[in-house]
Amino acid sequence: MSGTGRIGEISEDAIHRLVDTFYGKIRRDPELAPIFHRAIPGDWEPHLATMRAFWSSVMLTSGRYKGNPMIKHIRLEGMQPQLFTRWLALFGEACEELFEPEIGEAFRIRAARIAESLKLGLFYKPGQSWPPAVA
Ligand code: HEM
């Protein structure tokens, strides 16, 4: 925890630190790293810049992100519904390390909702039970 405590104090700087910390964890994670390294074989900076813009749009309604996350994730090789649990666990760790609980919780709630909608969009098949039996 490092001083960022109240919801109104969420700043571009806080988002910058969160994105750096979270993707540092992703790159060291045995389950998630291979998927990311296939999609981003070279310089990570453009992806990190996109993710800062994304979180700025989500948390600060800055409108900085213009893109379609669903389409990007459809194309990823090796994507599985249960990997969202791992993704959210690492995101939660990063939030806990950087922010006081109220701020961390605000990020985690948004991430969990977006993860659920991505998971539905990617894996839901009409007529099958939800969540999938494997997840
Ligand atoms: C299993 C979980 C996930 C995996 C493996 C994953 C993987 C990736 C990868 C590899 C990219 C880069 C794609 C590319 O540049 O070609 C990407 C982009 C992105 N991801 Fe995820 N992701 C996951 C979950 C999430 C979640 C839960 C969110 C939001 C809360 C999210 C938001 C985004 C966004 C906004 C982009 C940028 C899309 C763009 O370029 O416009 N991802 N993801």
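Output wanted: per-residue J couplings in Hz (rounded whole) for the range 11-27, from phi through Karplus 6.51 cos²θ - 1.76 cosθ + 1.60, θ = phi - 60°, x for Gly and Pro.
10, 4, 5, 5, 5, 4, 5, 4, 4, 4, 5, 5, 6, x, 5, 4, 5
Along the range 117-130, what does the Karplus equation 6.51 cos²θ - 1.76 cosθ + 1.60 (θ = phi - 60°) give for ³J(HN,Hα), rounded to whole Hz, x for Gly and Pro?
Listing the rounded values in order: 6, 5, 4, 4, x, 7, 10, 6, 10, x, x, 9, 6, 10 Hz.
Could you tell me how many cubic angstrom of Cα convex hull volume the range 7-123 has per residue? Write down the numbers at each step before the final one.
Values: hull volume 11.5 nm³, N = 117.
Dividing the Cα hull volume of the range 7-123 by its residue count gives 99 Å³.
In whole Hz and in residue order, list the ³J(HN,Hα) couplings for the range 32-38 that follow from phi through the Karplus curve 6.51 cos²θ - 1.76 cosθ + 1.60, θ = phi - 60°; x for Gly and Pro.
Taking θ as phi minus 60°, the curve returns 8, 3, x, 5, 5, 5, 5 Hz for the range 32-38.
Bear in mind that the values in this text are calculations on the coordinates, not laboratory data. Worth saying up front: this structure is predicted, and the values here are computed from it rather than measured.
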